[in-house]
Amino acid sequence: MGRYQEVYRRSLEDPEGFWAEAAGALRWRKRWDRVLDKASPRRPRWFEGGALNTCENALDVHVDAGRSDQLALVWDSAVTQATARYTYRELRAEVALFAGALRRLGVAQGDRVLIYMPMIPQAVIAMLACARLGAVHSVVFGGFAAHELAARIDHATPKVLVCGSCGLEPGRTVAYKPMVDKAIELAQHKPERVVVFQRPQLEAGLTADRDLTWDDAVKGAQPAECVTVQAGDPLYILYTSGTTGRPKGIVRDNGGHAVALKWSMQNIYDANPGEPFFTASDIGWVVGHSYIVYAPLLHGCTTILYEGKPVGTPDAGAFWRVVAQHGVRTLFTAPTAFRAIRREDAKGAFIEQWNPTRTLRALFLAGERCDPETLHWAQERLRIPVVDHWLQTETGWPIVANPIGLEKFAVKPGSATRPVPGYDVHVLDEEGRDQPAGQNGAIAIRLPLPPGNLVTLYQDEATFERAYLARYPGWYLSGDGGFYDEEGYLSIMGRMDDVINVAGHRLSTGAMEEILASHPDVAECAVVGVDDALKGEVPVGFVVLKAGVAREEAELCAELVRLVRERIGPVACFKTAASVGKLPKTRSGKILRGTVRKIADGVAWTLPPTIEDPAALDEMARTLGKLGYPARKK
Ligand code: COA
Ligand code: AMP
């Protein structure tokens, strides 16, 4: 008999007792006055009056507790064939030194520091150095281009920007620094200093009086001690895609975050201190923040920082090599990575070669819906628990999972299993009533949200209210749809808004539409996410040209593709566009994106009764056919 039911009930009936107990696993500089300020369930303040330092809990605590010589971080770079190992003592020394360097550059508690770096140890060191100083980091994923970086610089107004000179994508070196220069030129706000970690593959030019190298920054710096911060003080801002072009700055606190992540390691991931934990994601995403950096270190694990891809660096055995060479016990990645591996190694020859299950005990998948075929393949080839679990940038840690540390439930492919303790998850209909089992609806979480969840949107309370709290008073609206089955298993079926998930990367079709609309020949446009066998979803754009404009189709589409790549970056994966005479709309003018998507995905669709002009949908079906998405019959 597992413990789930009892623990889950207690987490909802006595959240204060439950989370106070979990908080006992951390080092506090001052104990909290109140576990939860119930006066404001819409904005719960966890551990009010408490003070701690997240970096201290991630590093110093372990050094003091006898883990100084245990590995804290192992960097494995498949693209440069390099590795580096840091014990807890060494990592603390590097972090304290860089924190001292940042302080010397004027960074103080509450200041923002923007980090734009590839998957190298210095990225993790920079994040933890900010935490040490009580400064607020905002990490921007390397696949975003200068415009996106500029938008984040203007919004977060960082005092210092830390970057790598380059990133290494298979077959190409991505020069980060010119993008940083361009972004600073585009932005209204100018960071005072730019610290550049020079990689030997491509050294960056420096701007006098503003830029300095990492080495120069740390030369002669005094190691910094941990600053005391309030539990509710911000640890980081992480921008994520919403329905519009403007990214949402998710604000995470220090206290609740550390408590929830630490709790999740044992209870959800079944991970023990001292074990190697490998999350193959990127520090630019929430999965990277939580499960490459903070959670494994808070728990005293060895985190594996992998620079490379699941395939092509050099082959589909890359993950298994890493697992075998570093004795990994837990692997966490996105289903896309497994689809890519399976496509190249369907029989699992590399799995046999590296024999990862000598140490590997569980595989966790998140970031996008996990298709049952991928899950089955992983289960059959690995013969260890494969856990599909659901989280969002907003929540920071899993909402629904098979919490194998508490109890191992039978897996139902297509379902992320059960709500995690702390989360009261419901599926609601339009009126906010619970949907019966089997019926799709909006997935909402009853307030207050548990510790670790977003505190607000940075400098945008109005959007925080509107996007998450207004739709169903008393609830947090997740933006995802899904259903419960009779046994209480929840299936997450996909976003109900204009957010799409491309290779586990969260993107906004609204942002892409804003870019297409800025093209001088475009009168109106729509971007729709359509099914993709590898990446789960990919965006496809449709434009209507301005009256009187005639353009050669291939040339126009190439311009549109280039524009999105330039403005958002390669991560948008926007490769397909077409022009149409008219967009299919309802009589009230709403573009029928859902119907277009159904046609493209080859699923049954009906002619919406409110359609303005059925011929526009027929034209769309023909266009999709030409693009390689043959429409099924209505
Ligand atoms: N810096 C610069 N460019 C980057 C980048 C980075 N950090 N990460 C990705 N890109 C580029 C890629 O090179 C690619 O460029 P291209 O259009 O010139 O080929 C583009 O962005 C799209 O990247 P991606 O969708 O990741 O495709 P890919 O071909 O590089 O890799 C997979 C395909 C399936 C192997 C890869 O998507 C993957 O491993 N995904 C795992 C998902 C993941 O980690 N999700 C995080 C949440 S858990
Ligand atoms: P992000 O904020 O980038 O982590 O993306 C969060 C979104 O990814 C969610 O809102 C879901 O749409 C999707 N997602 C994450 N995990 C899962 C999962 N296990 N099943 C289905 N969708 C998921």
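The values are calculated or read from the model by the stated rules, or taken from the named source; none is laboratory data. Since the structure is predicted, the reported quantities are computational estimates derived from the model, not experimental observations. A quick note on method: Cβ atoms are made from the backbone with ideal geometry, for glycine too, and the neighbour counts reach across all protein chains shown.
I need a count of the residues in the range 154-173 that are β-branched (Val, Ile, Thr) and in a loop (DSSP other than H, G, I, E, B). Walk me through how you get there before you give the answer.
Looking only at the range 154-173, we keep the residues that are β-branched (Val, Ile, Thr), and these are 157, 160, 162, 173.
Subset that is in a loop (DSSP other than H, G, I, E, B): 157.
Residues in the range 154-173 being β-branched (Val, Ile, Thr) and in a loop (DSSP other than H, G, I, E, B): 1 in total.
Quick check: is even one residue across the range 575-593 within 22 Å of Ala146 (Cα to Cα), among the hydrophobic types (A, V, I, L, M, F, W, C) and modelled with pLDDT of 95 or more?
No, because not a single residue in the range 575-593 is within 22 Å of Ala146 (Cα to Cα), among the hydrophobic types (A, V, I, L, M, F, W, C) and modelled with pLDDT of 95 or more.
Can you tell me which residue is nearest to ligand 2 (Cβ to nearest atom) among those in the range 480-494 that are among the small types (Gly, Ala, Ser) and assigned to a strand (DSSP E or B)?
First, pick out the residues of the range 480-494 that are among the small types (Gly, Ala, Ser): 481-482, 488, 491, 494.
Among the residues that remain, those that are also assigned to a strand (DSSP E or B) are: 481-482, 491, 494.
On the way: Gly481: 9, Gly482: 8, Ser491: 8, Gly494: 6 Å.
Per the criteria, the residue is Gly494.
Residues being within 14 Å of ligand 2 (Cβ to nearest atom) and either surrounded by fewer than 24 Cβ atoms within 10 Å (Cβ to Cβ) or hydrophobic (A, V, I, L, M, F, W, C) (or both): count how many of those fall in the range 370-388.
Summing the residues that are within 14 Å of ligand 2 (Cβ to nearest atom) and either surrounded by fewer than 24 Cβ atoms within 10 Å (Cβ to Cβ) or hydrophobic (A, V, I, L, M, F, W, C) (or both) in the range 370-388 gives 8.
Which of the residues spanning the range 564-574 are in contact with a Gly (Cβ under 7 Å, 6 or more places away or on another chain) and either farther than 24 Å from Leu149 by Cβ or within 16 Å of ligand 2 (Cβ to nearest atom) (or both)?
Gly569, Val571
Only one of these conditions is not met by Ala135: (1) closer than 26 Å to Glu461 by Cβ; (2) touching a residue at least 60 places away in the same chain (Cβ under 8 Å). Which number is it?
Only one criterion is unmet by Ala135, namely (2).
Could you check the range 215-309 for strands (runs of 3 or more DSSP E) lying wholly inside it with 2 or more residues that are hydrophobic (A, V, I, L, M, F, W, C) and more than 23 Å from Ala22 (Cα to Cα)? I'd like the intermediate steps shown before the answer.
Details: elements: 234-240, 248-253, 276-279, 302-307.
So the answer is 234-240, 302-307.
Hey, can you tell me all the residues within the range 481-511 that are polar (S, T, N, Q) and within 16 Å of ligand 1 (Cβ to nearest atom)?
Asn501, Ser508, Thr509
Tell me, which residue of the range 5-21 that is in contact (Cβ under 8 Å) with a residue 60 or more places away in the chain and of a type in the set (A, V, I, L, M, F, W, C) is surrounded by the fewest Cβ atoms within 10 Å (Cβ to Cβ)?
The residue in question is Leu12.
Table: residues versus (1) within 24 Å of Ala416 (Cβ to Cβ); (2) away from ligand 1 (no atom under 16 Å from the Cβ); (3) small (Gly, Ala, Ser); (4) touching a residue at least 40 places away in the same chain (Cβ under 8 Å).
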position	(1), (2), (3), (4)
Val229	no, yes, no, yes
Lys248	yes, yes, no, yes
Trp263	yes, yes, no, yes
Ser281	yes, no, yes, yes
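Scan (1) touching a Pro at 6+ places or on another chain (Cβ under 7 Å); (2) part of a strand (DSSP E or B) for the single condition Met512 breaks and write down its number.
(2)
Take the residues in the range 344-369 that are touching a residue at least 40 places away in the same chain (Cβ under 8 Å) and within 29 Å of Val530 (Cα to Cα), then tell me which one is farthest from ligand 2 (Cβ to nearest atom).
The extreme case among them is Phe364.
Considering Pro158, Pro170, which residue is touching a Ser or Thr at 6+ places or on another chain (Cβ under 8 Å) and within 17 Å of Gly249 (Cβ to Cβ)?
When all the criteria are applied, what remains is Pro158.
Out of all the residues in the range 462-479, which are within 15 Å of ligand 2 (Cβ to nearest atom) and assigned to a strand (DSSP E or B)?
Matches in the range 462-479: Tyr476, Leu477, Ser478, Gly479.
Any idea how many residues of the range 22-46 are more than 30 Å from Thr87 (Cβ to Cβ) and touching a residue at least 40 places away in the same chain (Cβ under 8 Å)?
Selection size over the range 22-46: 9.
Do we have Gly245 as in contact with an Asp or Glu (Cβ under 9 Å, 6 or more places away or on another chain), of a type in the set (Gly, Ala, Ser) and either within 26 Å of Arg495 (Cα to Cα) or surrounded by 23 or more Cβ atoms within 10 Å (Cβ to Cβ) (or both) here?
yes
Is there any pair with a first residue in the range 482-494 that is touching a residue at least 24 places away in the same chain (Cβ under 8 Å) and a second that is among the hydroxyl-bearing types (Ser, Thr, Tyr) and more than 12 Å from ligand 2 (Cβ to nearest atom) whose Cβ atoms are under 9 Å apart and which are 6 or more apart or on different chains, and what are they?
Leu490/Tyr484; Ser491/Tyr484
Sort through Gly255, Gly274 and tell me the only one that's away from ligand 1 (no atom under 16 Å from the Cβ) and under 17 Å from His137 (Cα atoms).
Of Gly255, Gly274, the one residue that is away from ligand 1 (no atom under 16 Å from the Cβ) and under 17 Å from His137 (Cα atoms) is Gly255.
Go through Asp253, Asp270 for me and flag whichever is buried (at least 23 other Cβ atoms within 10 Å of the Cβ), in contact (Cβ under 8 Å) with a residue 12 or more places away in the chain and away from ligand 2 (no atom under 15 Å from the Cβ). Give the derivation first.
Working: Asp270 fails: buried (at least 23 other Cβ atoms within 10 Å of the Cβ).
Result: Asp253 is the single residue among Asp253, Asp270 that is buried (at least 23 other Cβ atoms within 10 Å of the Cβ), in contact (Cβ under 8 Å) with a residue 12 or more places away in the chain and away from ligand 2 (no atom under 15 Å from the Cβ).
Scan the range 523-534 residue by residue and report those that are touching a Lys or Arg at 6+ places or on another chain (Cβ under 7 Å) and more than 14 Å from ligand 1 (Cβ to nearest atom).
Ala523, Ala526, Val528, Val530
Suppose the filter is aliphatic (A, V, I, L, M) and either farther than 30 Å from Asn355 by Cα or within 16 Å of ligand 1 (Cβ to nearest atom) (or both); does Ala410 pass it?
When the stated conditions are applied, Ala410 does not pass them.
Which of the residues that make up the range 128-152 are outside any loop (DSSP other than H, G, I, E, B) and over 25 Å from Gly242 (Cβ atoms)? Show your work before the answer.
The initial filter retains those residues of the range 128-152 that are outside any loop (DSSP other than H, G, I, E, B), namely 128-133, 136-139, 146-152.
Residues satisfying the conditions are Leu128, Ala129, Ala131, Arg132, Leu133.
Sort out for me the strands (runs of 3 or more DSSP E) sitting completely within the range 516-634 that have 3 or more residues that are among the charged types (D, E, K, R).
522-532
If only one of Pro570, Pro614, Pro630 is of a type outside the set (Asp, Glu) and in contact (Cβ under 8 Å) with a residue 40 or more places away in the chain, which one is it?
Criteria check complete, one pass: Pro570.
For residues that are charged (D, E, K, R) and within 14 Å of ligand 1 (Cβ to nearest atom), tally how many sit in the range 359-390.
Selection size over the range 359-390: 4.
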